[in-house]
Amino acid sequence: MDIRTLPETERDIYNGLKKHYSLHFEATKIKEQSIRLLTPSDLDELLEGQAPLDNVSTFPFWFRLWESDIVLAHILVSDPDRKNRRLLELGAGLGLAGIAAAKAGFDVTLSDNEELILDFQRVSSAANDLPRVKSIKINLLDLPVLESFDVIAGSEILFKEEFVEPMLTICRNCLKPGGTIYLAHDVCRRSLPIFLEQAEQDFAIGSRKQSITRAGKKTEILVNRLQRRH
């Protein structure tokens, strides 16, 4: 894409990122929507000399699209009640699901736990002509005060057991009456059953498996839909 077409603020963000990282725009299609995501081209630049698995807690898992991101994006754009409803995507990473949802009519707030990630999201939102999409910092282990949303969504959020309790807090406190939570995880995610067992006290939970094949590899994704019981 021609960077000169970006608004000035996002163009400055892009140029700042370009000084430190190799970048490209990855084109993805979700149903009839074409989406462009600003993406790091070189993982080693993000690792800054660290071996990939030296410290899993600091590994930049957000640097690529995961199968669950794609599944979640398809779910959100298919929501029949999406027009003008407020949606929070937790741990949005590159922002595929939230950006697709915004193009489908949601009023979207993307989030993640680092300003660097938010800058990638901001440029991608601008590249998709979505000036109303917000990006905010949310650290699950140090939760800020949050507004309420009609829909809360996330993919691969529960990759650590320590995220179970803060996720429950967000789901209980930040979902509007009548709202819906959509989660998408690899079926092997071990913390997910712990979360779902505890969430059952407050939420009716629907589950289904969905297969996705990328680069010849088939992955099973578990999709959960939660709605408050009372």
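For the reader, a short list of remarks on this structure follows.
- Restricting the range 29-41 to residues that are modelled with pLDDT of 95 or more and surrounded by 12 or more Cβ atoms within 10 Å (Cβ to Cβ), the residue that is farthest from L76 (Cα to Cα): P40
- Some residue of the range 188-198 being over 26 Å from I99 (Cβ atoms) and at pLDDT below 95: yes
- Any hit, the range 62-78, residues being closer than 19 Å to I138 by Cβ and surrounded by fewer than 12 Cβ atoms within 10 Å (Cβ to Cβ): no
- Considering only residues in the range 87-121 that are among the charged types (D, E, K, R) and either free of Cβ contacts under 8 Å to residues at least 12 places away in the same chain or surrounded by fewer than 24 Cβ atoms within 10 Å (Cβ to Cβ) (or both), the one that is nearest to L23 (Cα to Cα) turns out to be D119.
- Candidates E147, E162, filtered to the one that is among the acidic types (D, E) and outside any loop (DSSP other than H, G, I, E, B): E162
- Residue match in the range 192-205 (condition: in contact with a strand residue (DSSP E or B) (Cβ under 9 Å, 6 or more places away or on another chain), among the small types (G, A, S) and either without any contact (Cβ under 8 Å) to a residue 40 or more places away in the chain or crowded, with 16+ Cβ neighbours inside 10 Å (or both)): yes
- Unique residue being surrounded by fewer than 21 Cβ atoms within 10 Å (Cβ to Cβ) and either without any contact (Cβ under 8 Å) to a residue 40 or more places away in the chain or closer than 28 Å to A27 by Cβ (or both) when the list is P177, P144: P144
- Some residue of the range 60-76 being in contact with a Phe, Trp or Tyr (Cβ under 7 Å, 6 or more places away or on another chain) and small (G, A, S): no
- Summed over the range 19-35, residues that are in contact with a strand residue (DSSP E or B) (Cβ under 8 Å, 6 or more places away or on another chain), in contact (Cβ under 8 Å) with a residue 12 or more places away in the chain and part of a strand (DSSP E or B) total 6.
- Condition check for K137: modelled with pLDDT of 95 or more and of a type outside the set (D, E): yes
- Residue match in the range 159-173 (condition: under 13 Å from the mean Cα position of the chain (by Cα), crowded, with 22+ Cβ neighbours inside 10 Å and either on the phi > 0 side of the Ramachandran plot or modelled with pLDDT of 95 or more (or both)): no
The values are calculated or read from the model by the stated rules, or taken from the named source; none is laboratory data. What you see is a predicted model, and the numbers here were worked out from it, not measured in a lab. Glycine gets a Cβ as well: all are built from the backbone with ideal geometry, and neighbour counts include every protein chain shown.
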